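**Student:** Please read through the structure below; I'll follow up with questions.
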Amino acid sequence: MVSVAEAEAIILKQTKDFGCEFVPFEQATGRVLAENIIADRDIPSCNKATMDGIAISAAAFTKGIRSFTITATIAAGDAPTATVNENECVEIMTGAPVPDALDTVVRYEDVRIAGGVATVEITTIRQGQNIHRRGKDKLQGDIVATPDQLVDAAIISMAASSGKEMLSVRKLPKTVIITTGDELVEVSEQPTLYQVRSSNNYTIKAALQKYGIMCDMLHIKDDPQVTKEQLSKCLAAYDVIIMTGGVSMGKFDYVPQAMDDLGVNKLFHKVMQKPGKPFWFGEHNGGALVFAFPGNPVSTFLCLHRYFVPWLEACVKQNNSPTRPCAILAEDVTFAAPLQYFMQVQAGVNSIGQLIGKPIEGNGSGDFANLVTSNAFMELPAEKSTFSKGEAYRIWPFKQIV
C-alpha cells in the first residue's frame, strides 16, 4: 500500500506526450492549444469609431469652428470617405473606419444636426477621442495566443479574427472505460433488487467530455478467461484503460491476476485513503496505462478527479496553478482511521472573499447521491484525526465554485 503522495508521484511519472493534431477552430474549445496564433493583420486593421456620431478634425475645433457640413455617412464595413475642408465632417457609426483627415469622433449626444450641418454643443473635446487606433491591440505578425492554454471563447475569437481555420492542439489519449461485474445491468433495463444499473462508466465519460475525450465503453462479466481476453484486446488498442470494479480482494475480482498474466506491470495496488483504497495502477509493456478504480461510485469519482485528471492535464501540458486551492473548514470534523480522508464538501466564497468548505454528510463510498449537492473533495491528512473549524485544507473541485 502506498500513500496518497506516493501514488500521485508514481502516476505523474507516467505522463506521456501524445503529440499534436489539427482540428477545425470551431471544434477546438476545451482542447489545449499547441501553437502560436499570429495576427495576420493589424488589430484593429484601421482607425475605427467606438461611438456613433460625427468625425471631425480636432484642429478645426481648436480654431473655434463648431458647425461642420456633413459630406457623407460611413457605416461599419464601408470604405472611408475623404473630406477636403476643415469645416467638413462625416457621420460615422460604431466600428466604421475614420477618414485619415479626421482624428476625433464626437458622439451624437453632444451634437445637434439640422439642414445637413452638425453643430458641436460641448465646449471641450480631446483629440483622438472615441477612436480605436489601427494596430492599438496587436500589429501584424504579433503573437495573439500562445501554446499550452485551454482554448476558450477568447482564443476562438482570436483564431477567427486571424483567419485560422485549423488549430494545432494537443492530442488526447485514446481511452476506453471498462466496467466489470455480473451485478450491473444497462440503464434501459429494470434491475432486480440485487442488481444495479451501470453508472460509473457514464459518469467517467461525462467528466472527460470536458477535456474533449470521447471514450469507448466496454462491460466485462465476472469470468476470468473473458476478463483476460477482453483486456488483452484493449491493451493493444488504447493508450489508457480506465476500469471500475474487480480490483479488490473478492473471489470475483479477476482484474489484478489478468493484468499480471498480460504483462501489465503493477506500479501500486491500494492507497492509504478513504474512499478509493483498492485503487490499482499499472503500465503495460506495450505502453498502455491502466487506471483500475474501485467499483463504489464515490471511490471512482474521487480517484478520477484526484489522480486521472491531473495526469491528463500534465500529459497535454495544460497550464495549471502550481498549487491547488485550499478552503477553510466550516465546522469541526473527526476521522479516526489512519487514512487520507477525502471528504465531500460544498465549497463557496463567503462575504469577505474566503473559500469555505462545508462538510456534506454521506453514507460511505456507495452513497453517490451526495455528489449532486457537493462540489469538491477536501483532502484531510492521514496523520491527524481531528480537524477544527477555521483550518484550511486542499480541495479538489469537480464543479464550478460560486
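A short reminder: the numbers here are calculations on the coordinates, not readings from a lab. Since we're looking at a predicted model, the values are computed, not measured. Positions of Cβ are generated from backbone atoms using ideal geometry, with glycine treated the same way; all protein chains shown enter the neighbour counts.
**Student:** Just one of [x] 30.6, 96; [y] 21.1, 70; [z] 22.3, 73 is Rg and Dmax of the Cα atoms in Å calculated from these coordinates, so which is it?
**Tutor:** Only one listed value fits the structure, namely [x].
**Student:** Among Ser45, Ser299, Ser67, whose mean-square fluctuation peaks in a Gaussian network model of the chain (Cα, cutoff 10 Å)?
**Tutor:** Result: Ser67 has the largest fluctuation of those listed.
**Student:** Around Ile54, what is the net charge, scoring Lys/Arg as +1 and Asp/Glu as -1 over all other residues with Cβ under 11 Å from its Cβ?
**Tutor:** That sum, taken over residues with Cβ under 11 Å, equals -2.
**Student:** Separation of region 78-138 and region 1-76 by C-alpha centroid, Å?
**Tutor:** First find each Cα centre; the distance between them is then 26 Å.
**Student:** Another one. Dipole magnitude of the chain about its Cα centre, charges +1 at Lys/Arg Cβ and -1 at Asp/Glu Cβ only, in debye to the nearest 20?
**Tutor:** With Lys and Arg at +1 and Asp and Glu at -1, about 560 debye.
**Student:** Place a +1 charge on the Cβ of each Lys and Arg in region 326-397 and a -1 charge on the Cβ of each Asp and Glu, then give the dipole magnitude about the Cα centre in debye, rounded to the nearest 20.
**Tutor:** That gives a dipole near 140 debye.
**Student:** Which whole-number percent gives the relative contact order of region 48-132, counting Cα pairs below 8 Å spaced six or more residues apart?
**Tutor:** Taking the mean separation of contacting Cα pairs over the length of region 48-132, I get 41 percent.
**Student:** Using only Cα atoms and rounding to the nearest 10 degrees, what angle (0 to 90) does helix 224-237 make with the longest principal axis of the chain?
**Tutor:** 30 degrees
**Student:** So, one more: For Gln225 and Asp182 in one chain, what is 0.36 nm times their gap in residues minus the Cα-Cα distance, to one decimal in nm?
**Tutor:** Answer, rounded to one decimal: 14.0 nm.
**Student:** Something else about it: Run the simple label-point estimate for Tyr194 and Lys317 please: 7 Å along Cα→C-beta, distance reported in nm.
**Tutor:** For the pair Tyr194/Lys317, the computed spacing is 5.4 nm.
**Student:** I've got another one for you. Ranked highest first by the average count of other Cβ atoms within 10 Å around their residues, in what order do 70-80, 375-385, 22-32 fall?
**Tutor:** Packing proxy ranking, top to bottom: 375-385, 22-32, 70-80.
**Student:** Here's a follow-up. Quick one: plug the Kirkwood hydrodynamic radius of region 326-397 (C-alpha pairs) into Stokes-Einstein at 20 °C, 1.002 mPa s, and report D in µm²/s.
**Tutor:** It diffuses with D of about 174 µm²/s by this estimate.
**Student:** In whole percent, what relative contact order does region 111-234 give with Cα contacts below 8 Å and a gap of six or more residues?
**Tutor:** Reported as a whole number, the value is 19 percent.
**Student:** Arrange the peptides 162-171, 186-195, 124-133 so that the one whose residues have, on average, the most other Cβ atoms within 10 Å appears first.
**Tutor:** Most protected by this proxy first, the peptides run 162-171, 124-133, 186-195.
**Student:** Sort Cys215, Cys46 so that the residue with the fewest other Cβ atoms within 10 Å of its own Cβ comes first and the one with the most comes last.
**Tutor:** Ordered by Cβ neighbours within 10 Å, fewest first: Cys46, Cys215.
**Student:** Lysines within cross-link reach of Lys210: Cα-Cα under 21 Å, excluding same-chain residues under 8 positions apart?
**Tutor:** Filter leaves Lys16, Lys171, Lys174, Lys317, Lys399.
**Student:** Give the lysines whose C-alpha is closer than 20 Å to that of Lys274, dropping any in the same chain fewer than 8 places away, or say none.
**Tutor:** Lys358, Lys384
**Student:** Grab the beta carbon distance between Arg112 and Ser45, set R0 = 30 Å, and tell me the FRET efficiency rounded to 0.05.
**Tutor:** 0.40
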